[in-house]
Structure formats: C-alpha cells, structure tokens
Amino acid sequence: MSSRRHRLHLGASRLHKWLALIIGAQLLIWFASGALMSFWPIDEIHGDHLVDRKTVEMIPDGTALADPAIYLRGEGAERVTLRMLHGHAVAEVSRGGSIELYDAASGTPLPAVDASLAAAIAQKAWIGAKVAAPTTSKVTTASPEYRGPLPAWRVAFPDPDHTSVFVAVDTGQIAAVRTANWRLFDFFWGLHIMNWTERDNFNTWWLLAFAVGGLVLGLAGTVLLVIRWPIKRGLFRRRSTMS
C-alpha cells in the first residue's frame, strides 16, 4: 500500500472510530425515536379517541341575530366570526390582537370564560369512557406541555391516560389535548431534536453539530469501505505478485 494511501486509511480509521464513540449513541436515539414516532398513530397522540374537536356545532336556522354594528362599535375590528359556544350563538371579534366575545342575538359583551364553563365545554367534547368529574386550574404561563393562547383553563380528567384539555379563556375553544401518550411522544421528540427542555426548536447547535458529525462519520466509513473492499485488495495483491 502506498504511503499516501496508508495515511488516508489511517486518518479515516481514526476519525471513524472517535466519531462512532461520540455520535454512535445519539444515532441510536435518532433511529429508535424516529421509528417509534413513525409507527405511533398521530390521532392517538392528539387524543382524538378521547376528545372530539372535529365536530362543528352549527348555528340553528332561524336564529335571530343582532345587528353586527352593535358589537363592531369602536375601532380596530379585524375579523368577526359567528359560531356556537356551548349551545349559544356568539360573535367572536378580533380587535387589536385580542379577542372579544359577544352574544350574537343581543350584541351584549360576554365575560371571559370561567372555570365552570371551561369544564362544561371539555366534558361536552369528551368521548372517552365515563369518568368522574374533572378538576380545573388556570394556566397563565407557557410550558412544554402547553404553548397555546394564554390564559387558559386546564381541565384534567381522572382517566387512565391522565388527559388534560386546555380551553382558551378568551374564545372558549379547546386549544390543546394532552394525554400520557402525547407526553411520552413529546419526550422522544425532545430526544430526537436534541432539545430536552422546551422541545420546540430543532435549529440548535447540538443538533447541527451531531448531524454534521454523523455525515462525516458516514463519509469516513465510505472511505474505509473503498480502501478495504475485498476486490480492491485482491487486485492489489495480484499486481504485487506479478511485479
């Protein structure tokens, strides 16, 4: 083997060995977590088998609605949505980055959604097995479990999946559903993107460094494969014998 070829072989071998020691464990985590998340039904992760968020309640025909000018008084109204909220027609008005609710029939401003209404909304959407009444607590800060609109109500059901339904205070809509499966999935997602705390950013230097390291590991292995390929060695030996 020529001196240049020998140096290339030695360098690639050392690089491949050390990168395998450093990056190998993370590669196994990537493969394992990726396989698990790929085979896990996403509907189950979202809790669709426990909470119905797809059914849209329509405003009944013949419902008398107030003149929109009543709840559009003032400036800054950007969007108006008429919908049902727990059996009542409401007008949702987006104004200056905030949301206001009005009784669509009278035009009267509605108070923010309280704990009892949030619990009723979550219980109405519940399609899982019958369980005891849930407990409700207010959420005012974002967390890895919930990053939706704030403040919100956390309606916790005493079911085997430890399901939590988050209801936005300003709209009364279900903003998120969290189950034991979701929490486990989120844990593996954090391992996969190497963001172990917030688990919402995959543009980290850790991930970039290990991704580049994995690429270099593969390239070094390819160089070793070419150098050590049996056919190449056989040809080299025959040529050495003939000379």
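Rule-based calculations on the coordinates, nothing more; no lab input. Here the structure is a predicted model, which is why all the values come from computation and not from measurement. Cβ placement follows ideal geometry from the backbone for every residue including glycine, while neighbour counts extend to all protein chains displayed.
Key figures
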| item | result |
| --- | --- |
| FRET efficiency for Ser137 and Glu78, using Cβ-Cβ distance with R0 set to 35 Å, rounded to 0.05 | 0.65 |
| In region 41-93, the trypsin sites (Lys or Arg not before Pro) that fall in loop regions by DSSP, at most 12 other Cβ within 10 Å | Lys54, Arg73 |
| Residue-span extension gain [Ala69 to Trp205] - 0.36 nm each, minus C-alpha spacing | 43.7 nm |
| Footprinting exposure proxy for Val139, Val216, Val56 (fewest neighbouring C-beta atoms within 10 Å first) | Val56, Val216, Val139 |
| Virtual spin-label span in nm between Arg95 and Ala112, 7 Å along Cα→Cβ | 1.6 |
| Of Tyr146, Ala175, Trp126, farthest towards positive along the dipole that unit charges on Lys, Arg, Asp, Glu beta carbons give region 115-199 | Trp126 |
